[in-house]
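Only one structure is covered here, and it is reproduced in the block below.
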Amino acid sequence: MKSLRSNLFVAAALAAGLLGASNGAMAASTWVYQFAGVDGGAATTSYTGAPTTAPDLTISGRYVANGASNTGVSGNWNNNAASALTYYSGGGLGMISDGSAQPNHAIDNGGTNTEAVLLSFASVVKLTSIGLGYKSGDADVSVFRYTGTVAPTLTGGATLSAMTTAGWELVGNYADLSTDTSDPYNTINPQNKGSSWWLISAYNSAWGTGTGLSQGDDYFKMFAVAGDVCTNQNTSTGVCGGGKAPEPGSLALLGAAAVAAVGVRRRGLKVAKTQA
């Protein structure tokens, strides 16, 4: 019987090892996109991290007019010359939709507009953190993901209900992010949601309330974003690795290992009966 238990253990270990190897082959690695460019000029992106390639990324700016007394929103998202993103050396991405003087050259919700950065990836990704290279006053940030499969226009209304109707999901409002150009460590998206399109904006009260959140005093420059390739996305919840059935290859490996374990047990029982 000792030999039988030993063989069963080996078969079970084989099953676990095969599944582990399969899951390990699909594991995602973290990558970082750092924003760059000539100081005061058009912004570009540069990629660091693993894997050796990452989904292509394009960036663009959007803004919406603030409501009365600098609360909420008024009107639709704008995509025009005033929403062009500018790179500021040592700080990151900024926008001058409400003026180029400091701190209005940042991504902000002061002045007349709430400003945002639209990230468009070539495949579904899971953003995990945001790096800021500059802030003035506060740095409350709102993050949306697009749930559709065709590139959004983002020219409609900016209230939360209008955004939801247009296919945008509020991932979270995050109060007072910190600056750090060595690593984008401001963690976001604990739900592990994935999308090809992400909107990172200065906070707006139209998108909810919470501790430490306030509209009108948030100014920051985006230095970098980090994330993972989104694998096994649950199509109903948007969660990456969110409960889809195992891949056919994994099932085949598990089945083969299970058959091996059963075979070992049967041979052991036959030996036991013969010895009896």
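Brief remarks on what is shown
- For the pair VAL150 and SER123, label points projected 7 Å from Cα toward Cβ lie 2.4 nm apart.
- Span per principal axis, largest first, for the Cα atoms of the range 54-175 (Å): 38, 34, 29
- Rounded to whole Hz, the Karplus (6.51, -1.76, 1.60) HN-Hα couplings of the range 192-205, x for glycine and proline: 6, 6, x, 6, 8, 10, 10, 10, 10, 10, 4, 4, 9, 5
Since every read-out is calculated from the coordinates, none of them should be taken as a lab result. Note that the structure is a prediction, hence the values are computed from the model and not measured. Methodologically, a virtual Cβ is constructed for each residue, glycine included, from the backbone with ideal geometry; neighbour enumeration extends over all protein chains shown.
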